[in-house]
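These notes are about the structure you will find just below.
The values are calculated or read from the model by the stated rules, or taken from the named source; none is laboratory data. None of these values were measured; they are calculated from a predicted model. Please note: Cβ atoms are built from the backbone with ideal geometry, for glycine as well, and neighbour counts cover all protein chains shown.
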Amino acid sequence: MSERVLAELALLPVTLSHHLLLSLSALTTGILICFPLAVLISRVKGLQWPALTVASVVQTIPGLALLALMVPLLGQIGFLPAFIALVLYSMLPILHNTLTGILGVDPAVIEAARGIGMTTFQRLLRVELPLAAPVIIAGIRTSTVWVVGTATLATPVGATSLGNHIFSGLQTQNPAAVIVGCLAAAALAVTLDQLIRLLENAARRRSRRTGFAAVAALLVVLIGGLTPLISNVRGNGALTPVVVGAKTFTEQYVLAEFLTLSLRQAGLPALSKMSLGSTILFDALASGQVDCYIDYSGTIWANVMKRSDIPPRAVLLDEMTHWLEDNHHVKLLGSLGFENTYALAISEETSEKQKISSLLELSGRAPVLRIGSDYEFFGRPEWLALKAKYGLQFAEQRTFDPSFMYEAIRTKSVDVISAYSTDGRIADYKLLVLADPLGALPPYDAVLLLSPDAAKRPALIAALAPVIGAISDHTMRETNKMVDVERRSVTEAAMFLREAAKTVKAQNQ
C-alpha cells in the first residue's frame, strides 16, 4: 500500500495543477458572466425569473452528464468541454447571491444616496455593491466548493484532474489512488473555501487588512499550485507528446501504459488520456485529439460501422481496415494477437443449480434471473443482438461501474454479468463464460488504431509495430489478473506485458 501511495503522490503535483487551473478558470469566468448579469436583472425585474430558472435547470443536470454533453456539442475532448460545463455549473450560487445581495440593500440607504446627488452608477459602485459584498462572496464561496468537487468528473471527457486518481483507482481496485484523489480534492476545496471566507469576513467588518491578507494567500495558493504545471510545460519544450487513449477498464489502462512505455523506449514523448468512453475515444482519435489507442474489432464493427452481420474474422478485419481508412483516414496498424470478447457469465454454483452452460439454456431461465453490466453494455448493439437471437428477458437489469460488476455477482446482487473474456477475475471469482452457439457476437480482436496524423509518422509506426501479434489471450488474462486480483500496479503489469511481448517476437523471428 505504501508503494502505491508514493506512486500516486508522485503524480499529484501535476494533476493538482491541472485541477486548480480548470476550477479557477471556470470559477473566474462564471463570476465575470454572473456579476454583470445579476446587476442587469436587478434593474430589469422581468428578466429575474428566466435567468434564475435557466441557472437552476443547469444545476439539476448531473455533473457527469453535463460534462459528457459538452463533447458532442463542441466536437472535442479535453479542457474546453470540461471548462464550459463547469462555468455553467458555477453560475447559480453566484447569480442568486449577487442578485439577493443587491436587492437586499436597505431602500432608505439608496434613497439617501440619491438625495445627495449620486448617479445610478455611483450608487451601485459605492453603496449597493459594498453593502452586498458579504452575500456576493458567500455565493462565490459556495460555487467554489461545487466547482472543485465537480471538476473531479472531468477525467472521462479527457481533461486531466484529480479525478484521474479516483477513476483509475476505482477501475484497478487501487484504494490508495482513490484516497489520494479524494483527499487532495477535499483539501483544495476546504483551502479555497476558508480563504474566501476570510474575504467574506473582511467585507462584513470592512477590514482592508484582512482582505489584503486573504487575497495574498489566494495568490500564494494559485502560484504554488500552478508551478508544477508551468514547469512541466517548460520541461516538454517544443516536443509534442504522443497521446495514447484508454477506455474505462483495467485492460485498457494496462495497454495504454504498455504503448506509452513502447513509445518512450523509442525516444518519443508520450502521455495517456484515461477513462474515456468508447464513442468519445474513437471520435477523439478521428479528429486527431488522441494519436493512438487499442480498440476491439467487434466494437468498431457494431458501434462505429453500425454493421449487424457477422462475417468470418479475416473478412471482418479486412473490411474494417478499409472502412476506417476510407471514412475517417484512421489506420488500423494490426491485431495484437488476442481477443477480448463480450460474454455473459454466471457463477459455477448457479450454472450447476440452474443447469446453464450456454446462452440457449440461459434464455429459458432468464425471466427469473437478474443481469448486471457496465454502464455501456445495455446501450450497445451487442446486447440488442443477444436479445434478438436468444429472446433474453431478465427479471431485472442493473448497471454497475466495471470495477464493481464482478463483486456484484460474487455477493449475489445479480445472477449474470456481461464479462470480458480476458478478465483475470473470471477464474478467481469461479465464473463460467456461457457459450454463444448462434454466433450473436462478432469477434473482438484487439487492434491498434492510429489517428490520421499519427499514421503519417514513420517513427511512431516503427515504435509501435513490434506490439502487433505479440500478445496472446493467456498473456493478457494473466496481465489483467496482476492488477485486478493480485493488486499490483498498472505500471508493473505493463512492464510484464512488454517483456512477454518481446519474448514472443524473439521466438517468431
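Things worth noting here:
Yes/no matrix, rows are residues, columns are (1) modelled with pLDDT of 85 or more; (2) farther than 21 Å from Leu37 by Cβ; (3) basic (Lys, Arg); (4) in the same structural domain as Ser272 (by TED's automatic domain parsing):
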{"position": "Leu64", "(1), (2), (3), (4)": "no, yes, no, no"}
{"position": "Val71", "(1), (2), (3), (4)": "yes, yes, no, no"}
{"position": "Ala85", "(1), (2), (3), (4)": "yes, no, no, no"}
{"position": "Met91", "(1), (2), (3), (4)": "yes, no, no, no"}
{"position": "Gly101", "(1), (2), (3), (4)": "yes, no, no, no"}
{"position": "Ala108", "(1), (2), (3), (4)": "yes, yes, no, no"}
{"position": "Ala112", "(1), (2), (3), (4)": "yes, yes, no, no"}
{"position": "Gly115", "(1), (2), (3), (4)": "yes, yes, no, no"}
{"position": "Met118", "(1), (2), (3), (4)": "yes, yes, no, no"}
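- Given (1) part of a helix (DSSP H, G or I); (2) acidic (Asp, Glu); (3) touching a residue at least 60 places away in the same chain (Cβ under 8 Å), index of the condition Asp318 fails: (3)
The rows are residues; the columns are (1) over 24 Å from Ala213 (Cα atoms); (2) surrounded by 24 or more Cβ atoms within 10 Å (Cβ to Cβ); (3) free of Cβ contacts under 8 Å to residues at least 60 places away in the same chain; (4) not small (Gly, Ala, Ser).
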position: Ala159; (1), (2), (3), (4): yes, yes, no, no
position: Leu162; (1), (2), (3), (4): yes, yes, no, yes
position: Ser168; (1), (2), (3), (4): yes, yes, no, no
position: Gln171; (1), (2), (3), (4): yes, yes, no, yes
position: Ala176; (1), (2), (3), (4): yes, no, no, no
position: Leu183; (1), (2), (3), (4): yes, no, yes, yes
position: Ala186; (1), (2), (3), (4): no, no, yes, no
position: Thr191; (1), (2), (3), (4): no, no, yes, yes
position: Gln194; (1), (2), (3), (4): no, no, yes, yes
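- From the list Pro402, Pro458, Pro381, Pro466, the lone residue that is under 28 Å from Ala500 (Cβ atoms) and either acidic (Asp, Glu) or not assigned by TED's automatic domain parsing to the domain that holds Gln252 (or both) is Pro402.
- Long-range neighbours under 6 Å by Cβ, at least six apart or interchain, first residue in contact (Cβ under 8 Å) with a residue 60 or more places away in the chain within the stretch 347-370, second in a loop (DSSP other than H, G, I, E, B) and among the acidic types (Asp, Glu): Thr350/Asp415; Leu359/Asp436
- Number of the exception - Met476 against (1) in a helix (DSSP H, G or I); (2) in contact with a strand residue (DSSP E or B) (Cβ under 6 Å, 6 or more places away or on another chain); (3) under 20 Å from Leu281 (Cα atoms): (3)
- Counted as qualifying within the stretch 337-403 are no strands (runs of 3 or more DSSP E), as none has 3 or more residues that are among the basic types (Lys, Arg) and touching a helix residue (DSSP H, G or I) at 6+ places or on another chain (Cβ under 9 Å).
- Restricted to the stretch 406-438, and to residues there that are among the hydroxyl-bearing types (Ser, Thr, Tyr) and in a loop (DSSP other than H, G, I, E, B), the residue that is surrounded by the fewest Cβ atoms within 10 Å (Cβ to Cβ) is Thr411.
- Scanning the stretch 263-299 for residues that are in a loop (DSSP other than H, G, I, E, B) and more than 17 Å from Thr248 (Cα to Cα) yields Ala266, Gly267, Leu268, Pro269, Ser287, Gly288, Gln289, Asp291.
- Contacts under 6 angstrom Cβ, first residue in the stretch 451-465 being of a type in the set (S, T, N, Q), partner surrounded by 14 or more Cβ atoms within 10 Å (Cβ to Cβ), 6 or more apart: Ser451/Leu285; Ser451/Gly288; Ser451/Asp291
- All positions within the stretch 347-372 that are buried (at least 18 other Cβ atoms within 10 Å of the Cβ), more than 15 Å from Arg398 (Cα to Cα) and either outside the structural domain of Ala419 (by TED's automatic domain parsing) or of a type in the set (A, V, I, L, M, F, W, C) (or both): Ile356, Leu359, Leu362
- Matching helices (runs of 4 or more DSSP H) fully within the stretch 51-119 where at least 1 residues are buried (at least 20 other Cβ atoms within 10 Å of the Cβ): 63-74, 79-103
- Among the residues making up the stretch 445-481, those that are within 13 Å of Thr250 (Cβ to Cβ) and crowded, with 23+ Cβ neighbours inside 10 Å are Met476, Thr479, Asn480.
- Inter-residue pairs, beta-carbon under 8 Å, first assigned by TED's automatic domain parsing to the domain that holds Leu74 and in the stretch 269-292, second assigned to a helix (DSSP H, G or I) and of a type in the set (Phe, Trp, Tyr), 6+ apart: none
- Filter result for Leu255 (modelled with pLDDT of 85 or more, touching a helix residue (DSSP H, G or I) at 6+ places or on another chain (Cβ under 9 Å), surrounded by 15 or more Cβ atoms within 10 Å (Cβ to Cβ) and of a type in the set (A, V, I, L, M)): yes
- Residue that is farthest from Thr250 (Cα to Cα), among those in the stretch 164-223 that are polar (S, T, N, Q) and assigned to a helix (DSSP H, G or I): Thr210
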